[in-house]
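What follows draws every value from the coordinates through simple rules; no lab data is involved. Just so it is clear, the structure is predicted and the values come from calculations on it, not from any experiment. Please note: Cβ atoms are built from the backbone with ideal geometry, for glycine as well, and neighbour counts cover all protein chains shown.
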Ligand code: SF4
Ligand code: SF4
């Protein structure tokens, strides 16, 4: 899931021009789970903006229940049918979702309409509980966690070190913030628990950060999945459907 | 071959120290500190934006030391540069006459004075050591041949007080395999505990210089115990500092450092003194430790 948090109201108001009419749009999947763009938050944002004198023409969270705003085919259909009239009346759409949601809205509308981000997208996370979402992967494009027992040093170590801890770990806590676990300590304990400590001796090569660069694409055609960075294919694999 | 490498190979007890470049372009104070160390230590480390605080670079100050006939150890961290910049700075360093390099991870930018800076860490310290080895062999990281290769004497750091020590020792082994030819350690205050660490690493057959931090006050010792990983200043030392009147504290600090060095002489291959601004105390410390004239010291 893509974790998001709402931007401060003043910042959002600062995006809007004098007398700009705005439609507030949420997302019923990740943003709803992060309580940044579900039904209650979207309604509340529309109300708070109105109270500040912003011309809000309406608000909505596209269904069916639980659907992601970033599923373009669905968002486009909702825009063309259910939201058709209200969107005709607005100057812009304030999107309470991640940047993918914002881009989906651009794709789903014709060029005339403005789009504003209402949230900061913060990371891709595991929903550990309904109240706790944590970053355990940074989408680096080249997964190396087999040698770390499945725990990602890029996500768990503040410096993203690949060959073991820096000298600053103390009592299993990170030098950058003593309230946080040292990622390499977690990896060490995990490898010890599964009897694979010998993996720590392996030299890990520098990462291929071309796979981490933007823009990246995934294409699925026929029986092949392809990962592209710029014009290059970084990985192509057969898929069995 | 650098003087440091020669000295470590010869088996004499080696003393190194360090200076930190200033924030701003006035190098006078920094060069003066280095001058005090002339003929007293074999080589002088120059820190690389220590504590992630923006300052003059290590490379520039190292070059100034070379100019003056002092031997620098170029500290290079992974914090601010990607692999292009790191390799380039290493080649630049060699062309400026810098022969020793100390490869470190570096502190996180969040801890410094530009906490919003992007943390790079494109390479880690082990990969950086490997990079130095690759350059020494006339290639770059991408495998391209170099027109003229450096021949650095590369070192690394280790924290003997790390817990769990096993994890630290594994990393030390990886550093050696990647090309580390000497180690400087985090500050040592407990020689007996350090001796046990040395027992464990003796088999690696790589010289270790124990870190000596000049304790300036009891408060500083307490602060380090609380905040610096792997440091344990014994209560006895703290009491000793507390009982010292203010006007005698420098004398006491020097005495403590000299005592530590004397005890470490039988345990490891040398010491690395981190004066933290009190470089003028180093000659006195060495005299008290019985190390006045360093064999082959930086002339
Ligand atoms: S190595 Fe890369 S892909 Fe694997 S968990 Fe870490 S960031 Fe994600
Ligand atoms: S203390 Fe651990 S988590 Fe923190 S930067 Fe160092 S190795 Fe990474």
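I'd like the antiparallel share, as a percent to the nearest 5, of DSSP beta bridges with both residues in the protein assembly as shown.
Numbers: 23 of 68 bridges.
In the protein assembly as shown, DSSP labels about 35 percent of beta bridges as antiparallel.
Remark on segment B:93-154: Rg and Dmax equal 14.1, 39 Å (Cα only).
Run through the DSSP bridge list for segment A:2-124 and note the antiparallel percent, rounded to the nearest 5. Don't skip to the answer; put the middle values down first.
Working: 5 of 18 bridges.
The antiparallel proportion sits near 30 percent.
Note on chain B: Cα Rg divided by 2.2 N^0.38 Å, N the number of residues, gives 0.96.
What separates the Cα centres of segment A:52-107 and segment B:180-238 is a distance of 60 Å. Quick check: from the Cα gyration tensor, does segment A:11-94 come out rounded (a/c under 1.5), prolate or oblate? The shape class here is oblate. Helix A:99-108 and the longest principal axis of the Cα set of chain A meet at an angle near 40°. Centroid-to-centroid, using Cα positions, segment B:15-33 and segment B:105-168 are 23 Å apart. Rounded to two decimals, the Cα-based Rg/Rh of the protein assembly as shown, with Kirkwood Rh, is 1.07.
Between helix B:165-178 and chain B there is an angle of about 40 degrees, using the helix long axis and the longest principal axis of the Cα atoms. Take the Cα of residue B:250, step 7 Å toward its Cβ, do the same at residue A:233, and the gap between the two points is 7.1 nm.
Report, for segment B:3-295, the % of DSSP beta bridges that are antiparallel, rounded to 5.
Once the DSSP bridges in segment B:3-295 are tallied, antiparallel ones form about 5 percent.
The angle separating the long axis of helix B:249-264 from the principal Cα axis of greatest extent in chain B is about 70 degrees. Within segment A:134-159, name every residue whose backbone N is under 18 Å away from a label modeled 7 Å from Cα of residue A:199 along the Cβ vector. Those under the cut-off are A:136-157.
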